[in-house]
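The values are calculated or read from the model by the stated rules, or taken from the named source; none is laboratory data. None of the values given here were measured: they were computed from a predicted structure. Note: accessible area is taken over every heavy atom of the protein model, side chains too, but ligands, DNA and RNA are not part of it. Shrake-Rupley method; radii C 1.70, N 1.55, O 1.52, S 1.80 Å.
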Amino acid sequence: MLLILPVLTTVVGVASGFSSGSVGWACDSMAPGHLLTSAEKSPSPFEVYAEEYEAGYYLVTAFGRRDQFKGLLMQAHTPRREKVGIFRQVDDGQTLDCDNEGDAVSHNNANLKSQVRALWHPNGYSGPVRFRATMLKSYGTYWTDILSNPLVV
């Protein structure tokens, strides 16, 4: 019994970190790292849409067409999958520091969400970009490699 308690405490601590959006360790793989799970193969019920906003900023929205989601990890990538730019304001989420300060967005709680919106700035980058997301419906149900419409900034 004494050996089980430290392991249980560790597992509970890690699981609570997921719901708060503390998923910085997943920056490179963009996979949630949930035990005994893998990404869905079916078409994603979630989308990412990006559009020019104002003064060099872009509005990026991750949303469900019919379903709500609990978790999100989103980054801006070049065609070679390099992370670029920085996110500023995030509605119903938070910025993460992967390779650079504010270069990713995640959820900030485990509540169901219809959308997460963020302002993104290229921060000196110019060229083609797409926003890549992993979106989680539940612990064992998630989709990876959800791509936005392409932009040239």
Nearby lysines by direct alpha-carbon distance to K70 (threshold 23 angstrom, same-chain neighbours under 8 apart not counted) = K41, K113, K137
With the full set of protein chains in place, find how many percent of the accessible area of the stretch 75-153 is carbon and sulfur; take the probe as 1.4 Å.
-> 43 percent
Heavy-atom accessible area per residue, the stretch 46-153, 1.4 Å probe: how many Å²?
-> 49 Å²
Expressed in nm to one decimal, what extension gain is obtained for the pair D67 and A39 from 0.36 nm per residue of sequence separation less their Cα-Cα distance?
-> 8.4 nm
Per the Kirkwood treatment, what hydrodynamic radius in Å, one decimal, follows for the stretch 39-122 from the mean inverse distance over all distinct Cα pairs?
-> 13.3 Å
